[in-house]
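Working notes, structure below.
The values are calculated or read from the model by the stated rules, or taken from the named source; none is laboratory data. Values in this document were obtained by computation on a predicted structure and should not be read as measured data. Neighbour counts are summed over all protein chains in view; Cβ atoms, including those assigned to glycine, are modelled from backbone coordinates with ideal geometry. Note: areas computed on protein heavy atoms with side chains; ligands, DNA, RNA excluded. Shrake-Rupley method; radii C 1.70, N 1.55, O 1.52, S 1.80 Å.
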Amino acid sequence: MAGPAARPLALAGLAAAIVAVGLYVFGTQHTPDYTTSLFGQTGPDTFDLKSWLATGVLAFAAVQLGLALWMYGRLPGIGVAPPPVGPVHRAVGAIAILLTIPIAYHCAFAYGVKTDVDTRVAVHSIAGCFIYGAFVTKIILVQTPRWRLPGWALPVAGGTLIVVIAVLWYTSALWYFNDFKLP
């Protein structure tokens, strides 16, 4: 990889790896504390709250996708979004990430990373480590001047973040809402 894109893409990839691996190491090495509280609730009592917060994150991610498609002129018959949509896109993204923090806090400290329980828990644990790496990647790429990036970089980073959010929601909130089983 040569040219002006090499440095920001390498930096974004390295930052994502450091964050994801750091969360994985933390999650596998600390002792889970099943009494960790989330807004006064512990253990299974947190499932409802975390599921609704995750559903909010998924809804904001869907809005993010729509706004990004609009900004890139990819919505049929609508054209390119006006400049004020950019700050709205950033604000919606900030709200979505802020909503993940209490969920991630509780998951990390109460349960940690579990890859030996079942497939759902393993996928959820790995995706939970990956989400903040994907977020850091997107922030690095957003801050990089457009002329230094290939046109696919930012949409791939944003799309990856949305997919990770959907996987996390599917392996947690949908599992909870569907009576503790995946469809």
### Query
Carbon and sulfur atoms: what percent of the 1.4 Å accessible area of the chain do they account for?
72 percent
### Summary
Projecting the Cα atoms of G43, P150, A127 onto the charge dipole of the stretch 32-183, where Lys and Arg contribute +1 and Asp and Glu -1 at Cβ, the residue farthest towards the positive end is P150
### Query
To the nearest 0.05, how large is the calculated FRET efficiency for R120 and V80 if R₀ is 35 Å and r is the Cβ-Cβ distance?
0.30
### Query
For the pair V25 and A94, how long in nm is the line joining their label points, each one 7 Å along Cα→Cβ?
3.1 nm
### Message
Placing unit charges on C-beta atoms (Lys and Arg positive, Asp and Glu negative, everything else neutral), compute the dipole magnitude of the chain about its Cα centre in debye, rounded to 20.
### Response
760 debye
### Query
Taking the chain as a Gaussian network, Cα atoms linked when under 10 Å apart, which of S172, S51, S37 shows the biggest mean-square fluctuation?
S37
### Whole-number accessible area per residue in Å² for the stretch 1-69, which is evaluated in the context of all protein chains at 1.4 Å
57 Å²
### Rounded to 10°, Cα long-axis angle of helix 119-143 versus longest principal axis of the chain
30 degrees
### Query
Using only helices, what value at 222 nm comes out for the chain when you add -39,500 (n - 2.57) per DSSP H run of length 4 or more and divide by the total residues, to the nearest 500 deg cm²/dmol?
-22000 deg cm²/dmol
### Summary
To the nearest 10 degrees, the tilt of helix 85-106 (Cα long axis) against the first principal axis of the alpha carbons of the chain is 20 degrees
### Task
Find the centroid of the Cα atoms in the stretch 114-173 and in the stretch 13-41, then give the distance between the two in whole Å.
16 Å
#### Entry: Residue-normalised accessible area of the stretch 107-181, given per residue in Å² at a 1.4 Å probe
51 Å²
